[in-house]
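The structure appears right after this line, and notes come after that.
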Amino acid sequence: MFNIENFDIKLNTEYIGRNFIYTEEINSTNTFLLAKENGQNINGTVMLAEKQTEGKGRKGRNWQSAPEVNLLFSILLTNDKSLFKNANLINFAASLAVSMSVENLYQLKTDLKWPNDVLINGKKISGILIEAVSQSGKIERLVLGIGINVNQNSFQGSFNYLPTSLRNELGKMVEREKLLADILNNLEVLLERLKNDKNNLIEDWKQKCRMLGNRITITDNEIEKSGIFYDIDEDGFLLLQMKDEIEKIHFGDVSLY
């Protein structure tokens, strides 16, 4: 069982996680917080669930997780125009926050995979999903969903990237409360950096992306494109060098060629 008091002691944020909702089971924390009445529209609200029956991944995929051993949570961000103008880069801040916490707390080297995954030794440890509600073409509120494999020791099913967990990589159990607090502490700082110096944040992300500069394949709706992972532009899109032209990629699953 997640110890909320222990988590709260370690939380050093101004607003992220200060309104904290805990539940043992729900369909989806993202879906819950997207409904205005549920999140009470309080900026920085965090909802943690021990089990999600309809956990979401990218492209409508399900996020599978054993109950009570991992971190499945969502963060509500509201009415922040300076942040929302860089909405495409919020997942970069989130993946960096997870990476920083894993490396600093457990001395495990992480690799960031465009656009929103965190890997250890080539295996997936975390995924991120952003959903937003817009009105008159402007984002009203945005929900950042994060799943992290913490203490799960076995995984069933087929995966694009083999999963792993902190427990499997370290050979011991991990305190979830400490990890979540550290991630939220990092995230709040990184979101401020995103508003004030997004290019610096992108450079930090690129430093942790092993695929950058390598030949990759991008798959989107069964369409494959191959080329050199040339760069990330200022909006977070992948620049793919194909023969004599560079193409901007908005979506897709990336793998080494």
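All of the numbers you see were taken from the coordinates with simple rules; none came from a lab. None of the values given here were measured: they were computed from a predicted structure. Cβ sites come from the backbone with ideal geometry, for glycine too, and all protein chains shown count toward neighbours.
Numbers at a glance
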item: Ranked by how many other beta carbons lie within 10 Å on average, peptides 71-82, 231-242, 153-164 from highest; result: 71-82, 231-242, 153-164
item: Per-pair calculated FRET efficiency, R0 = 51 Å: residue 222 and residue 189 via Cβ, rounded to 0.05; result: 0.80
item: GNM flexibility winner over the chain from 52, 152, 107 (Cα, springs under 10 Å); result: 107
item: Additional length obtainable on full extension of the chain from residue 132 to residue 23, 0.36 nm per residue less Cα span; result: 37.0 nm
item: Normalised contact order of the chain, rounded percent, pairs of Cα under 8 Å and 6 or more residues apart; result: 18 percent
item: Under 16 Å from residue 206, Cα to Cα: lysines that are on another chain or at least 8 residues apart; result: 109, 113, 198
item: Cα Rg, Dmax (largest Cα-Cα span) when computed across segment 215-256, Å; result: 9.5, 27
item: Cα-projected label distance for residue 210 with residue 9, points at 7 Å along beta-carbon direction, nm; result: 3.7 nm
